[in-house]
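The values are calculated or read from the model by the stated rules, or taken from the named source; none is laboratory data. Since the structure is predicted, the reported quantities are computational estimates derived from the model, not experimental observations. Reconstructed Cβ throughout: ideal geometry from the backbone, glycine too, with neighbour counts over all protein chains shown. For accessibility, only protein heavy atoms count, side chains too; no ligands or nucleic acids. Shrake-Rupley method; radii C 1.70, N 1.55, O 1.52, S 1.80 Å.
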Amino acid sequence: MSVSFSSTSVSFSESSFAFQRPAPAHLCSNSLTVASNNFHSATGGGRLVLNVGGTCLCRKFRGLKLWLLERLSFQFQPPKQPKNRNHHFRNNLENEKGSVSDSSSNLRVPDDKVTPVESLSLLQTGLSGTPVDVGRKPSLCIAVIGATGELAKRKIFPALFALYYSGFLPENVGIFGYSRKDITDEDLRSIIASTLTCRVDHQENCDNKLDAFLSKTYYINGGYDNKYGMSMLNSRMEQIEGGSKTNRIFYLSVPQEALLDVASCLASSAQTQNGWNRIIFEKPFGFDARSSDRLTQYILSNFQEKQIFRIDHLLGRNLIENLTVLRFSNLVFEPLWSRTYIDNVQVILSEDLAVHPGRYFSGYGIIRDIVHCHVLQTIALLAMEPPISLDGEDIRNEKLKVLRLIRKLEPKDVILGQYKASGGAKVDACVNGLTPTYFAAALYIDNARWDGVPFLIKTGLGLIKHQMEIRIQFRNVPGNVYHECIGHNRDRAINELILRDVPDEAILVRVNNKVPGLGLQLDSSELNLLYKDKYNMEVPDSYEHLLLDVIDGDNHLFMRSDELAAAWTILTPILNEIDKNNMSVELYEMGGRGPVGAYYLWAKHGVRWVED
């Protein structure tokens, strides 16, 4: 398609336009006549007749190119591409901007008609004569509520910058910080600048990217009236957006006691009408089943379920994302994934002394903070049936089925612990009473695939080392003809699949093989895929992964409301017993291996304890 008049042309690839010069009396007319009857499909080679003036063309039809592109944009939409994380958001969200800039070289205005200054102004003004900043209007705005808090400074802003630096955020993104502190845009930029770094394996143009990101960061002082503050946030966003179609993400990094008021005011005063709105909530999601249900109902009264993203940073680890990949894309694993071949599954998450529990423990304890979301979600992903697709809702549906089939926990299958000071170590002030810092339990899933298979959980703080892994132990080979060559400890000869995230991310498969040499001696060895040796790259932080999922609209790693309720159903009996002081809490040394009772729990369910 081409548009031509005098010596000025706008080229299009699929159809053409012809401009006919009217009588001189119409040279200065502001009218624009379109012979729509002559306009056919772009692929049909139709012609569009435009009657315009000649000598006053550029001055009278400012922004003609932009007007044409806007109304004909449907003809140039690229075909929908499959999901690709490599720069696809930069391409998709900047599509309108790219269309303008890519074709700007095809607009030629006679030098004797318009001066260079006037020519530049034509590209920056619309039909109404109002300035239009084509390259700077954001197509995505992200607001961090609680922008001066530790989580925002240490995790959220660095994750946003990493996405921006890697090309997963559009160049014209708008970043907004909201809190009660009386500071300026420059103050906020100074606060977060000290935490922003470029990846070790990508250092090109780091300073330029950093400056560009900070220039797109703005601050709003919400004060102590959130309704007024959210109105100010909305006004500032609209000012930056300039009336363009823009999507918004709100990250609520606020204390639980402030959550309801902030969410309500945000819903009524800060949502855009020109795009979608998505809201990220930080855990914990309630204190118990009743408070969680009230919180859920209140949130759902203000937002739709598809807008809500309940974030747990531990679910953003590569280990979790790899669970379904390993299982459903490898024929070697899927046929073995049942009670017929698997003896037990162990989910292990331990933190060492370097982790300070006060950052997320405030009377909630390890059950409400880690077990309720991270551990149960991990088990659900591990044990679910194949989803009908990779759509987030399809995966959530399968996870929900697993959670509803897990037996309610009984006190006899649970070990609680709390760390104590040793060697002058300081005990965290918020850990008191019966608040557990260690949890071990045996879960069972009552369905045909997993009937009788124990899922053993071990998670705690202040332990000997930081460890995060999943161990899947297989049954002994029935009638093994090599049993005499294995030795007296047959448990050490079982096959095992180990998915390790910390300390060194790896996939390990334990198999039995013959020791080289004369004679017949068997040994249990590991087939080792160590990520740092195989992949020469820096693994993105979990917040980067999850924030990109929110932008994508991919919600499979975020708990839906019914999943939330099902998880509370599993844990409520134990929480009730703790509240009634009917369960003992075993003390353990900081830097140790945890309560001794956990060893007996493993033995009770016929599982070999794996040494740290």
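So, restricting to strands (runs of 3 or more DSSP E) that lie completely within segment 241-326, which ones have at least 3 residues that are under 30 Å from Lys408 (Cα atoms)? So the answer is 277-282, 308-311. Go through (1) surrounded by 13 or more Cβ atoms within 10 Å (Cβ to Cβ); (2) under 36 Å from the mean Cα position of the chain (by Cα); (3) modelled with pLDDT under 90 one by one and return the number of the condition Thr572 breaks. (3) is the only condition that Thr572 fails. Only residues that are of a type outside the set (A, V, I, L, M, F, W, C) and modelled with pLDDT of 90 or more were counted across segment 490-508, and they come to 5. With respect to the stated conditions, Asp261 fails to be in contact (Cβ under 8 Å) with a residue 40 or more places away in the chain, more than 30 Å from Val539 (Cβ to Cβ) and open to solvent by 10 Å² or more (accessible area, probe 1.4 Å). When restricted to residues that are at pLDDT below 95 and either open to solvent by 20 Å² or more (accessible area, probe 1.4 Å) or more than 25 Å from Ile367 (Cα to Cα) (or both), segment 276-292 contains 7.
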